[in-house]
Structure formats: C-alpha cells, structure tokens
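The structure appears right after this line, and notes come after that.
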Amino acid sequence: MNHQKSGSKNTKSNTNTRENDNNTSDTNFIRQAIEEDIASNRFDGRVHTRFPPEPSGYLHIGHAKAICISFGIAEDYDGLYNLRFDDSNPITEESEYVEAIKRDVHWLGFDWEEREFYASDFFETLYEYAVKLIEKEKAYVCDLTPDEMRTYRGTLVTPGKDSPYRNRSVEENLTLFGGMRNGEFPDGSRTLRAKIDMSSPNLNMRDPVMYRILRAHHYRHGDNWCIYPTYDFTHGQSDSIEGVTHSLCDVQFEDHRPLYDWFLESLEIYQPRQIEFARLNLTYTVLGKRKLKVLVEEGHVNGWDDPRLPTLAGMRRRGYTPESIRNFCNRIGVSKADNLIEIGQLEYSIRDDLNRNAPRVMAVLNPVKVIIDNYPEGQVEMLDADNNPEDENAGTRKIPFSKEIYIEREDFMEDPPRKFYRLAPGREVRLKHAYYITCENVVKDENTGEIVEIHCTYDPETRGGWSDDGRRVQGTLHWVSAEHAVNAEVRLYDSLFTEREPENAAEGADWMKFLNPDSLEILNNCKVEPSLLDAPPESRYQFLRMGYFCVDSDTTPEKLVFNRTVPLRDSWAKIQKGQK
RNA sequence: AGGGCGGUGGCCAAGCGGUAAGGCACAGGUCUUUGGAACCUGCAUGCGUAGGUUCGAAUCCUACCCGCCCUGCCA
C-alpha cells in the first residue's frame, strides 16, 4: 500500500532535514480520496492544498497537524501548497499574528514559496461575486436585526421562515448592496444573505449571511471597506481563486460543505473539493485559540511563547524540534473519529529525536559537594567524554576533573533502600568518564542535619571509568568539577493542567480551575560543565541522566538559563513507586 | 422536522467479504560507563449492541445504543 513518495520532492529551500519516518501511516482516507481523484483525472490530476489560518492568535500543535496533513500530502503527490490568511474579520486580526504564523510555519519546515495569499486581497472579486448572485436572484439585502434573524432562523427541530425582505427586486438589492459598500447605512443595520432554503434541516443553508456592515480598521486594508464577507462566503471562493484542488479542514465544517458547494455552483466557478478530518486533542492541556488567548491575556502564562503552552512558539522555546513535531503528526494518523492523544506520545517524539541528535553534557541540578580526600590538591585533569554515544561522528570533548566536585543530591543516600545503585556510605560508584569513587563519610550541618559534604576516595587505576581487574560497579553518576562549574538557572515544567481532560472534567465550563499551580519550578543553583558557557539560545542538550534541556532566550552573558524540554524515562522512579 | 459525522485493545490507527497491521503505553527479559538508548518477548477468539445474508462478516443488510458537531452579522 505504498503511494508514490516522489524522490524529487523537497529539493527546494527546506533547510531542515526531512527524514522519512517509517512509522508514518502512509494511507488514510484523505490520501485515498486524492488518489481516486488523480486516477479519475478530476482536477487534471493536480494536487494543490492550502493552510488557511486566521491571523488572530498563534499557531499551536493542532495547527501543526493540519499543516502536516495539507502540506505533507501536497509534497507527497508532487503538488503545491498555499499559505492563506483567512482575514475577513477585521476585529480579531493583527499583523503581529501573521508574522508569527509565517515564522512558525517556516520553522516547522514548510516553504510555500511565492504562494502567500490573503483572503482580504480577494475582497473586490468577492464583491463582484456577490453582485453576480444578486443578479441571479440568489442573494438579497436583509434588514432584519440580529435578534430578529435568530428568531426567523428557527431552531434545530423547527424550520425557519422567510425574511420579509427576501423578495426584493434585483435592482433594489443592487442599489442597497452598493449603498452598504458606500457606507450609507449604520453598522449592523443590514446584511447580504444567500437565498437558499429557510426550512433546510442544515441551519447553514437557512439563508446564511454573506456580508455584514462593519466599520472596523482592517490590519491590511485599513478603512477601505465597511462591509466584510463572512467565512462561508470567503473560504470556498478563495480556494477557487487560488486553484486549490483539495480543501482539507476540521470536521466542524462538514455541515458547511453543502454551502461551500452551493456558492461555487451558483457562481459557476471552479470548484475544489472539501474534505474534513478530526482535530487534535491532547491530554493535560487545552488547544483552541480562544482558550490559549485567555491564558496569555490573563497572565496565567508568560506570553504566547511560554514553554508550557502547546503553541509552536512555546514548544520551540521549550526545546521541541520541528522534526519531532512532524513525526508526531505522522504517527498519530488522520481519521474522522474524535481523538484524545496522550501527551506521552509527544514526549516520545521529542525524546526519539533528541536521543539521536542532542549532544550529551553533564549538569548537576541540585548539587551537593563531594571531596575526594586522596586526590592531589590543586590537580586538574582534562578527561575525554564522548558527545553522543548514539552518533559515531559526534566526537569527544575535554572536561575538567578535580578534587572537589558536585553530584546530584538525590544520588546519595545514607540509608539506601533495596535496588538503590547510587552512592551510599562504603559504596563504590563510577563517575561518568572519570573514576570509581568510594564514600567514606559525610559531614552534616550541625543545626539542620543537612548533608553539606560527602567525603570519598578514588581509585587512580580507574581513570576514564574503567578498571582492569574486572571489578564492576552498579551505579554511574554524572558530576561537575566544583572549581570549573558554571552556574545556571534551570526551569522545570510540568503539565499546565492537573486534569487529563480539563475541558470535560469541569461541571460547568470552568476548565481554568484545573490549572496546575506547580507547572513551573525554577532551580537557581545548578552547576553545568564549562563547555556550555557560550551555548546559544535554542541549542539543545541531553543533561546526562537528567533529561533534555535547551538554552532559553532569557540567557544573558551573566546568566545561563535552561529549559527542561522533557525528562529522560526514569525506571528508578517506577521502582521507588512500587516500593512505597 | 431535526440534520451531519463518528464508535477496532489503556491512547491513537490500519483494515474496504477470505479469518484483527503498526505506533505509543504497559509487563517481562538481554545488553549497557546514562536506572537513558538499543534489542527480544508478551499484550483484541475480539471490531458499540442484537439479529440477518454468506462456505466465510470488523467489512454487506436491518434495528437499536452511545459520543461529537450545528440555532454568530466568528472562523
């Protein structure tokens, strides 16, 4: 069941490496439909898709799914894809968002070349289309107020009734619609409606509004217009104008498809095919621009790029790679069934990528000092450390070792439980890339009882972490030389919500009450190896045994700041849980 | 006088009348200078339910049940 994966694709300006993910489900109902269209020569065998965001917020992982579907399919069938801003509502749209969206789509690894469109650039054509429908007696100017219109529309189970303005003459409608455009009527006083069927069981067909009067400044066209087309009168025609063949969208628009087709057929213009798929839902978070906007605007997070957010900007800052997001989207598949993807699926995708590609480095997040009593005072050795055991070409680097080092506080226990393989009194462990050390005793703070120093001895014969006598140690610890350590701030993230389905768990609609108060933990006294000193923002590392981290944009020459992207899988934590 | 769309293991998802792919998760095990990774093994006599057609049904038919979406001059 392999559809053609063109060997010549992606030869353009994609800077990201596009690995073929062999977990990709290479068949789904959309691809099947497209293959049928190619086989039947509908659209002359062309495949041309589009991604149509409204510039009213930032893109999130749900948009990434839509982008990967639309753009990924176009690439796989040697087709084209457009980026189109669906900007027919001046009230919510801003240039800031179009810039952010373009940045995020590029970052994801897609290049729409010169095919960047704005629905608002089609306003003049759309206006002409509207006139054409009036002339064909398929549209009329309606003076009903919003409340009246709602009443006339009927309900889910009862038919609506015709507007008293439904049978105005073509001439009157033309005059009135021209007047609407020329600003002769106040906002909201009239609309242009499609004349379809007020008794249709599909509410979208009960004479939907095509144009409303709205004196609002459009971020792109200023005050040129005081009437704006609605989504329904804009989307299909934009697809048509752009030559799109397959208009892939959310299942929520299934009910709109008859209207999408009606406008195109009535207008007698080129008619693309709309196909719908289920939107992404993720556990322990909320998706949806409105909700994300609330979190940002009410200050529950620090901006659209807060690393806890499922926005692409936030995920980028968190340390996610574009590849990992694309692979995630491929792995979860496409269908029309409601879905709730476990956040672990996303974590798997980033670990999978970073494990293969992120350089290893040592960093101690919660340090405790270890003094090696028999190590010569003042001596410093530069030890070899491999940069990535998963990558032969990653090379090695030198790391300094000395008499005083830091290790992770939780890597030592005075009274260790079963299966604790780390440092404890009398026990020998390996310091990664360095030596075997044995714990001799500990020094505690007289008042608090907290361990302040651990005294050890090392075996000089185990340089590099090997011993010739075949002696084996159970544990291997990461460490940083105290004298050479660089201080850093490390930000640890937990899920934004405490509920698996915050939107459904609430009795009412108060998903906000499930915000996790501990979603951000800041560690201020972390010690990282000196090679990290000049690491640029967004560079990613594996902190050995601790997880994947990336340099945050808050980093300054005085202070290194890291974000934990995701911890390593931790089977010790599981054992501990089992022991309790 | 409601309409539309869905229901295959814990979470996704193939399947398209020939005897339930794959991924994540989970459970064992091997290996290991990351308790990581990798590797091996296990994990639906079952496809919303009940009937029917058929040599044979997740796939076809009938009825029923459940879930989601739709009553903006948002998209």
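All of the numbers you see were taken from the coordinates with simple rules; none came from a lab. Predicted model, so just to flag it, every value in this text is computed and none were measured. Virtual Cβ from ideal backbone geometry, glycine too; neighbours counted across all protein chains shown.
Data for the structure
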{"read-out": "Residues A:Asp255 and A:Tyr421, FRET efficiency given R0 of 60 Å [Cβ-Cβ distance, rounded to 0.05]", "value": "0.50"}
{"read-out": "Value at 222 nm in deg cm²/dmol, rounded to 500, when DSSP H runs of n ≥ 4 in chain A each add -39,500 (n - 2.57)", "value": "-8000 deg cm²/dmol"}
{"read-out": "Label zone at A:Thr27 (point 7 Å along Cα-to-Cβ), backbone N below 18 Å, the range A:39-59", "value": "A:39-40"}
{"read-out": "Phi-based couplings in Hz for the range A:110-119 (Karplus 6.51, -1.76, 1.60; Gly and Pro marked x)", "value": "10, 10, 8, 6, 8, 8, 10, 10, 10, 3"}
{"read-out": "No Cys partner within the rule (Cβ under 4.7 Å), chain A", "value": "A:Cys142, A:Cys226, A:Cys249, A:Cys439, A:Cys456, A:Cys526, A:Cys550"}
{"read-out": "Charge sum, other residues only, whose C-beta stays under 13 Å from A:Thr175's C-beta, Lys/Arg counted +1 and Asp/Glu -1", "value": "-1"}
{"read-out": "Principal-axis tilt of helix A:343-357 within chain A, Cα atoms, nearest 10 degrees", "value": "60 degrees"}
{"read-out": "The range A:338-435, relative contact order [Cα under 8 Å, separation at least 6], %", "value": "26 percent"}
{"read-out": "Normalised contact order of chain A, rounded percent, pairs of Cα under 8 Å and 6 or more residues apart", "value": "12 percent"}
{"read-out": "Stretch gain in nm, segment A:Asp338-A:Val170, where the contour uses 0.36 nm per residue and the Cα spacing is subtracted", "value": "56.0 nm"}
{"read-out": "The range A:162-213 - percent relative contact order, Cα under 8 Å, separation 6 or more", "value": "33 percent"}
{"read-out": "Two-site FRET efficiency, A:Thr145 against A:Asp223, from Cβ-Cβ distance with R₀ of 25 Å, rounded to 0.05", "value": "0.50"}
{"read-out": "Range of Cα positions in the range A:460-580 per principal axis (Å), largest first", "value": "67, 44, 20"}
{"read-out": "Rough spin-label spacing in nm, given labels placed 7 Å along Cα→Cβ, for A:Asp121 and A:Leu568", "value": "5.0 nm"}
{"read-out": "Förster radius 45 Å - calculated FRET efficiency between A:Lys136 and A:Met512 (Cβ-Cβ, nearest 0.05)", "value": "0.40"}
{"read-out": "Spin-label pair A:Glu114/A:Ser40, simplified geometry with 7 Å Cα→Cβ offset, distance in nm", "value": "3.4 nm"}
{"read-out": "Full-extension gain in nm, A:Trp466 to A:Ile451, via 0.36 nm per residue minus C-alpha separation", "value": "2.5 nm"}
{"read-out": "Rounded tilt (10° steps) of A:170-181 against the dominant C-alpha axis of chain A", "value": "40 degrees"}
{"read-out": "Helix A:123-135 vs. chain A, principal-axis angle (Cα, 0 to 90°, nearest 10)", "value": "30 degrees"}
{"read-out": "Radius, Kirkwood style, for chain A when every pair of distinct Cα atoms is counted (Å)", "value": "27.8 Å"}
{"read-out": "Net length gained if the chain between A:Lys161 and A:Ser200 were fully extended (0.36 nm per residue, minus Cα distance)", "value": "13.0 nm"}
{"read-out": "For the range A:462-530: rounded, prolate or oblate by the Cα gyration tensor [a/c cutoff 1.5]", "value": "oblate"}
